[in-house]
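The values are calculated or read from the model by the stated rules, or taken from the named source; none is laboratory data. All values reported here derive from a predicted model rather than from experimental measurement. When we count neighbours, we look across all protein chains shown, and the Cβ atoms used for this are built from the backbone with ideal geometry, even at glycine. SASA here: full protein model, heavy atoms, side chains in, ligands and nucleic acids out. Shrake-Rupley method; radii C 1.70, N 1.55, O 1.52, S 1.80 Å.
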Amino acid sequence: MKSQEVIAQLEQRFPGQPEYIQAVSQVLNTIEEVYNQHPEFEAANLIERLCIPDRIVKFRVTWTDDKGKVRVNNGYRIQHNNAIGPYKGGLRFHASVNESILKFLAFEQTFKNSLTTLPMGGAKGGSDFSPRGKSNAEVMRFCQAFMTELWRNIGPDTDVPAGDIGVGGREVGYLFGMYKKLTREHTGTLTGKGLEFGGSLVRPEATGYGNVYFLMEMLKTKGQDLKGKRVLISGSGNVAQYTAEKVLQLGGTVLTMSDSNGYIYDPEGIDREKLDYIMELKNLYRGRIREYAEKYGCKYVENARPWHEVGDIALPSATQNEIDEEDAKALVANGVIAVSEGANMPSTPAAIKVFQEARILYAPGKAANAGGVSVSGLEMSQNSERLSWSSQEVDNRLHSIMENIHENCVKYGTLPDGYVDYVKGANISGFMKVARAMMAQGII
Ligand code: NDP
């Protein structure tokens, strides 16, 4: 396999899908060497079978807004690969959602889920519907309409969706309610559910906490920890909030958070009380991060990202391609020692190059943010057992999964000069398990 040739063919076959090509390129470029040591992979054309999703379900979602106007959105489910377990991956509701973005996410999810050591295949789905600015009733009607199309394609042993951007506890609740009504079954078909109806403790916290656990493992390799470190976080949604919470618990100072309109910089640090305010602002009132700056009298920068501020650690937790080459250069110039990705693919390929050439600690999302889907996997186990585990038990398991992922990245990603290429480590480790499973299951 020559990765450049495969990428060129995919580009021709799927024009106008830059995010998908970006994600595929990153994986192929790092697994090429290992792949070519296995001629049986090439004979089975494993690479094309691994890059192209098993199936894409696309449907129309029709719903009625509060003014009585009938609205139409696109709905999707990309079932990428189920070699190692049922399809699993979140739903994203955001105006930018298209096939390219969901294909990149489903592809990444396949390797991420493999890394977790749990039996989960890769999938992703969503809609170009954005819950922002919609009433609760509108969000509920949309979720119900979305599920009336999706439900035939999912199930506890088939495909188990969860949340992502724009899909939090409220949306999962509405989606689950409709799924239950249509199937007349109360099963663990969605994760991220409320605690009262089968959700797992620590699921809301899992992605953010997991990212910080992974970061701690990286820092440990340098004899460092979070105490006294200044941390730049982007986003102010689920992942960002619990990333900030864990950073605070471990003695770091959170200087920034953001949303799609801009970022706040609080030189005194976003402490527990201020973080509670952000959680209320975002989760209850669905307000804008600008309001934090108005309340606490700190700096707010409109239409900008926080990467030009001075800090020791950067934890991007908003969206894809939110750190470009210039941002990466600024971070390195300002002395950042570690970047750990809570979001999926937040750094562009040029930005990753800057981090790796500067030899700073850099963890890609598929390793660092795998805590979310890991606890989703644990939620599935609890649902199957009809039991619920204590938060301590779930948190311990999350911790050990993140340690394990880190160990595998080090095992497969350590370069001759001792630098750990976490991208290479995560890709090879994730890929080998899926590849072996596909080989064992024949040409299908
Ligand atoms: P939320 O919807 O809870 O929060 C998303 C945050 O990012 C919001 O602050 C949002 O701002 C901001 N944001 C979204 N789109 C953009 C954009 N185009 N430009 C700038 N800011 C943007 O989502 P999550 O916290 O769940 O997800 C954040 C990231 O983490 C995503 O990349 C997701 O794929 C990834 N992830 C999430 C997991 C989970 O368990 N939830 C698991 C693994 C990864 P605004 O409020 O203005 O929209």
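Identify the residue in the stretch 189-211 that is open to solvent by less than 20 Å² (accessible area, probe 1.4 Å) and within 22 Å of TYR76 (Cβ to Cβ) and, among all such residues, is farthest from the ligand (Cβ to nearest atom).
Once the filter is applied, the top-ranked residue is THR189.
If PHE214 satisfies every condition in (1) out of contact with any Leu (no Cβ under 8 Å at 6 or more places or on another chain); (2) within 16 Å of the ligand (Cβ to nearest atom); (3) part of a loop (DSSP other than H, G, I, E, B) but one, which is the exception?
All conditions are met except number (3).
Could you check the stretch 346-368 and list, in sequence order, the residues that are within 15 Å of the ligand (Cβ to nearest atom) and under 20 Å from ASN408 (Cα atoms)?
Matches in the stretch 346-368: ALA363, PRO364, GLY365, LYS366, ALA367, ALA368.
Name every residue in the stretch 123-165 that is surrounded by fewer than 19 Cβ atoms within 10 Å (Cβ to Cβ) and among the aromatic types (Phe, Trp, Tyr), in order of residue number.
If the condition is that a residue be surrounded by fewer than 19 Cβ atoms within 10 Å (Cβ to Cβ) and among the aromatic types (Phe, Trp, Tyr), then TRP151 is the only one that fits.
Okay, residues lined up against (1) surrounded by 24 or more Cβ atoms within 10 Å (Cβ to Cβ); (2) among the small types (Gly, Ala, Ser); (3) under 17 Å from SER429 (Cα atoms):
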{"site": "GLY342", "(1), (2), (3)": "yes, yes, no"}
{"site": "MET345", "(1), (2), (3)": "yes, no, no"}
{"site": "LYS353", "(1), (2), (3)": "no, no, no"}
{"site": "ALA370", "(1), (2), (3)": "yes, yes, yes"}
{"site": "VAL375", "(1), (2), (3)": "yes, no, no"}
{"site": "TRP389", "(1), (2), (3)": "no, no, no"}
{"site": "VAL394", "(1), (2), (3)": "no, no, no"}
{"site": "HIS406", "(1), (2), (3)": "yes, no, yes"}
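Name the residues in the stretch 149-165 that are touching a Phe, Trp or Tyr at 6+ places or on another chain (Cβ under 7 Å) and part of a helix (DSSP H, G or I), would you?
Matches in the stretch 149-165: GLU149, TRP151.
Quick one: GLU171 ticks every box in (1) farther than 13 Å from GLY89 by Cα; (2) assigned to a loop (DSSP other than H, G, I, E, B) bar one, so which box is it?
Going through the list (1) farther than 13 Å from GLY89 by Cα; (2) assigned to a loop (DSSP other than H, G, I, E, B), GLU171 breaks only (2).
Suppose we filter the stretch 67-84 for residues that are open to solvent by less than 20 Å² (accessible area, probe 1.4 Å) and on the phi > 0 side of the Ramachandran plot; how many remain?
Here the count works out to 0.
With the checklist (1) farther than 23 Å from ARG170 by Cα; (2) surrounded by 13 or more Cβ atoms within 10 Å (Cβ to Cβ); (3) over 24 Å from the mean Cα position of the chain (by Cα) in hand, flag the one item GLU291 doesn't pass.
Of (1) farther than 23 Å from ARG170 by Cα; (2) surrounded by 13 or more Cβ atoms within 10 Å (Cβ to Cβ); (3) over 24 Å from the mean Cα position of the chain (by Cα), only one is false for GLU291: (1).
Residue by residue through the stretch 250-265, note down the ones that are open to solvent by 10 Å² or more (accessible area, probe 1.4 Å), within 13 Å of the ligand (Cβ to nearest atom) and out of contact with any Pro (no Cβ under 7 Å at 6 or more places or on another chain).
Once the filter is applied, which keeps residues that are open to solvent by 10 Å² or more (accessible area, probe 1.4 Å), within 13 Å of the ligand (Cβ to nearest atom) and out of contact with any Pro (no Cβ under 7 Å at 6 or more places or on another chain), the stretch 250-265 yields ASP259, SER260, ASN261.
Please determine, by comparing only the residues of the stretch 227-249 that are charged (D, E, K, R) and outside any helix (DSSP H, G or I), which one is most open to solvent (accessible area, probe 1.4 Å).
LYS227
Just a yes or no: is a residue in the stretch 318-332 under 17 Å from the mean Cα position of the chain (by Cα), within 12 Å of the ligand (Cβ to nearest atom), modelled with pLDDT of 95 or more and surrounded by fewer than 19 Cβ atoms within 10 Å (Cβ to Cβ)?
yes
I need a count of the residues in the stretch 308-367 that are in contact with a Lys or Arg (Cβ under 9 Å, 6 or more places away or on another chain) and part of a helix (DSSP H, G or I).
So the answer is 8.
Can we say LYS299 is away from the ligand (no atom under 11 Å from the Cβ) and either of a type in the set (Ser, Thr, Tyr) or surrounded by 16 or more Cβ atoms within 10 Å (Cβ to Cβ) (or both)?
Answer is no for this residue.
Would you tally the residues in the stretch 274-290 being under 16 Å from GLY235 (Cβ atoms) and either among the β-branched types (Val, Ile, Thr) or within 13 Å of the ligand (Cβ to nearest atom) (or both)?
10
Being of a type in the set (Ser, Thr, Tyr), on the phi < 0 side of the Ramachandran plot and outside any loop (DSSP other than H, G, I, E, B) is the requirement here; does SER388 meet it?
no
Filter the stretch 93-113 down to the residues that are surrounded by fewer than 24 Cβ atoms within 10 Å (Cβ to Cβ) and either out of contact with any Phe, Trp or Tyr (no Cβ under 9 Å at 6 or more places or on another chain) or of a type in the set (Phe, Trp, Tyr) (or both) and list them by number.
SER96
Could you list, in sequence order, all residues of the stretch 129-148 that are in a loop (DSSP other than H, G, I, E, B), more than 17 Å from LYS69 (Cα to Cα) and more than 13 Å from the ligand (Cβ to nearest atom)? Give the derivation first.
Narrowing the stretch 129-148 to residues in a loop (DSSP other than H, G, I, E, B): 129-135.
Applying the additional criterion that residues be more than 17 Å from LYS69 (Cα to Cα) yields 132.
Answer for the stretch 129-148, where residues must be in a loop (DSSP other than H, G, I, E, B), more than 17 Å from LYS69 (Cα to Cα) and more than 13 Å from the ligand (Cβ to nearest atom): there is none.
Check every one of the strands (runs of 3 or more DSSP E) wholly within the stretch 1-100 and list those with 1 or more residues that are more than 26 Å from the chain's Cα centre (by Cα) and free of Cβ contacts under 8 Å to residues at least 24 places away in the same chain. Break it down into steps so the answer makes sense when it comes.
Values: elements: 55-64, 70-81, 87-93.
Correct list: 70-81.
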